[in-house]
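Structure, as structure tokens:
The values are calculated or read from the model by the stated rules, or taken from the named source; none is laboratory data. Every value quoted in this text rests on a predicted model; they were computed, and no experiment measured them. With ideal geometry, Cβ positions are generated from the backbone for all residues, glycine too; neighbour counts draw on all protein chains shown. Remember, those area values only see protein heavy atoms, side chains included, never the ligands or the DNA or RNA. Shrake-Rupley method; radii C 1.70, N 1.55, O 1.52, S 1.80 Å.
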Amino acid sequence: MARLGALADLELDHLDLVVSGDLQLSSNAVVYGLVFVMGNVAGNGSPKIFGGLISAGSASANGNPIIVYDPADPGSERRAR
């Protein structure tokens, strides 16, 4: 299982993250780019993803997760900061 928490502020120009198992997003994790999860996704707190999230399994959240995706503007995650 991969875990991203409050200290995981992945503010690179663009990030494509592939997780081969499950992913747990907690606290205030911030990711700019596409997140692809082969397993299940669970979220707690207020994680933010600017880009997109694709899960081959189930997705559940407690708290206030924010996922920002704009299909008309694929570069929008770079300007969301």
Protein chains only, probe 1.4 Å: how do 50, 36 rank by accessible area, largest first? 36, 50
For the pair residue 55 and residue 16, the simple spin-label estimate (label points 7 Å beyond Cα toward Cβ) gives in nm 2.2 nm
What's the ranking of 56-64, 23-31, 39-47 by average number of surrounding C-beta atoms within 10 Å, highest first? 23-31, 39-47, 56-64
With label points built 7 Å along Cα→Cβ from the Cα atoms of residue 1 and residue 28, find their separation and express it in nm. 2.4 nm
